[in-house]
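The values are calculated or read from the model by the stated rules, or taken from the named source; none is laboratory data. Note that the coordinates shown come from a computational prediction; the quantities given were computed from them, not determined experimentally. Cβ atoms come from the backbone with ideal geometry, glycine included; neighbour counts cover every protein chain shown. Ligands, DNA and RNA are stripped out before the accessible areas are found, and what is left, the full protein with its side chains, is counted by its heavy atoms. Shrake-Rupley method; radii C 1.70, N 1.55, O 1.52, S 1.80 Å.
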Amino acid sequence: GQIILSDAATIGYLQQDVSLGTESIREEIKKSWHDVLALEEQLKSITSRMETSQATALELKKLAAVQERMEWVGGYDYEAQSKRIIFALGFSEEDLDRPANDFSGGQKTRINVAKALVRRPDFLLLDEPTNHLDMEMLEWLEGFLSSYGGGILMVSHDRYFLDRVATSVVELNHEKVKVYKGNYSRYLSQKEAQEKA
């Protein structure tokens, strides 16, 4: 198939793999903002050139475009947004500078959840989002996803979680795709009714 995204669209991806490197949580979360950091560098470069010479019309136009894009993607307060999510997932200020691979499996999952959510992306792809989460974190994630404004596609074997969060179920069966409206329990009853019919 083919995936076509607009330049403005953002995607958050939560992978099942919980292997993280020796960088701190702060640095791991910063990776989610790679485009914002690039825009920040562009801003610094343009403004430093403008300090030493008269700005051309083209440079002023470029500066306005970069500033507008920074505002659009939430780049001016990315650190505060990141902290809100990471603290909601049970980490402290002191944890931010600890190496990510020092944490337990459940904590690493929460770091990956934070990396997927901090941008409040247009589309979230979640692969087994409930793995290694305790009840408190599971409830927080359910609440967050239930009120999420973007599109979410998730794979999960947690039927109770799907019942509380899913609004549609996509069934892949014999190389065919069928979409059922409603949560997992609703999907089961619709499927059973179809099979009886």
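Can you tell me how many residues within segment 91-102 are at pLDDT below 90 and in a loop (DSSP other than H, G, I, E, B)?
Summing the residues that are at pLDDT below 90 and in a loop (DSSP other than H, G, I, E, B) in segment 91-102 gives 0.
Please determine, by comparing only the residues of segment 31-52 that are open to solvent by less than 70 Å² (accessible area, probe 1.4 Å) and within 20 Å of VAL118 (Cα to Cα), which one is nearest to the chain's Cα centre (by Cα).
Among those that are open to solvent by less than 70 Å² (accessible area, probe 1.4 Å) and within 20 Å of VAL118 (Cα to Cα), it is SER32.
Hey, can you tell me all the residues within segment 65-123 that are touching a residue at least 60 places away in the same chain (Cβ under 8 Å) and polar (S, T, N, Q)?
Hits for segment 65-123 are ASN101, THR109, ASN112.
Within segment 110-193, which strands (runs of 3 or more DSSP E) (wholly inside it) include 2 or more residues that are open to solvent by less than 60 Å² (accessible area, probe 1.4 Å)?
123-127, 151-155, 168-173
What are the residues in segment 27-46 that are among the basic types (Lys, Arg) and either in contact (Cβ under 8 Å) with a residue 60 or more places away in the chain or closer than 21 Å to LEU63 by Cβ (or both), if any?
The answer is LYS31, LYS44.
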